[in-house]
Each structure stands twice: as structure tokens, then as C-alpha cells.
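K.L.:
Before I ask anything, here is the structure I am working with.
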Ligand code: FES
């Protein structure tokens, strides 16, 4: 995923906006990313990815996680929505057409405020 690709397809929030929000605002909880143009408050698909970016930012110096390509990301979101994972709000980036590759594992949509594991 490139920085100008949408990370939250429901509210058109790019990866760049999220990364800059994390850098400038330094949210103490992943749930605070909803203040970044509503990221994560639509269908819920992007929440696990927001949490990953938050975790990397919280562990300063940690390499940002690899995210799927924009096309893969949109296709997986479509599977998630079709499976009843969530409903995009009006104005969201439309769900892409049915993929023909047979699908794949869906990441778990979880609460943005899930406690962070410590070790
Ligand atoms: S893609 Fe972010 S809430 Fe739907």
C-alpha cells in the first residue's frame, strides 16, 4: 500500500493521513485514530490495520508493518463486507466486484481499543 492509497475506504482516509496523525498527535490508544477523519468508524475493516500502525508508532523505532496492495486490500474488504463484517456508510468507497481468486483469510476486525499485549 502506498502512502496515498486509502487505508480507511469508508471515510477516504489515506495511509499518509494516518501516519502523519500518529506522528503529530501521538494517540495513547488506537481508538483515538477515529479523530483522524473518522478512520475506522465505518464498516470496521481497517481497524486491525490501524491498530498495527498504532502499535508500530507506539513502539518508537519499530518498522511500520507491511500492508497489502491497494487492490488486495479493497478485494479483502469486499469479502469482509459481503460476509457481514460491517456496513460501509453512505459516501464510502464502493465495495469492489466479486473477486475471482477464491478468496482468502480475513483479518479479524477488532475493537480499536483492544488492550495492547505487553511482554
Ligand atoms: S474501511 Fe475503515 S471503517 Fe470501513
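The values are calculated or read from the model by the stated rules, or taken from the named source; none is laboratory data. In this text, all values refer to a predicted model and were calculated from it rather than measured experimentally. Cβ sites come from the backbone with ideal geometry, for glycine too, and all protein chains shown count toward neighbours.
K.L.:
So the check is Cβ under 8 Å with 6+ separation or different chains; which pairs have a first residue in the range 1-18 that's free of Cβ contacts under 8 Å to residues at least 24 places away in the same chain and a second one that's more than 7 Å from the ligand (Cβ to nearest atom) and part of a helix (DSSP H, G or I)?
P.N.:
If the second residue must be more than 7 Å from the ligand (Cβ to nearest atom) and part of a helix (DSSP H, G or I), the pairs left are 3/15; 3/16; 3/19; 4/15; 4/16.
K.L.:
What tally of residues in the range 61-90 results from selecting those that are free of Cβ contacts under 8 Å to residues at least 60 places away in the same chain and within 12 Å of the ligand (Cβ to nearest atom)?
P.N.:
Taking the range 61-90 as the starting set, the residues that turn out to be free of Cβ contacts under 8 Å to residues at least 60 places away in the same chain are 61-66, 71-72, 75-76, 78-87, 90.
Pick out the ones that are also within 12 Å of the ligand (Cβ to nearest atom) and you get 76, 78, 80-81, 85-87.
So the count comes out to 7.
K.L.:
Tell me, yes or no, whether the range 58-70 has at least one residue that is at pLDDT 90 or above and within 16 Å of residue 10 (Cβ to Cβ).
P.N.:
Yes, the conditions are met somewhere in the range 58-70.
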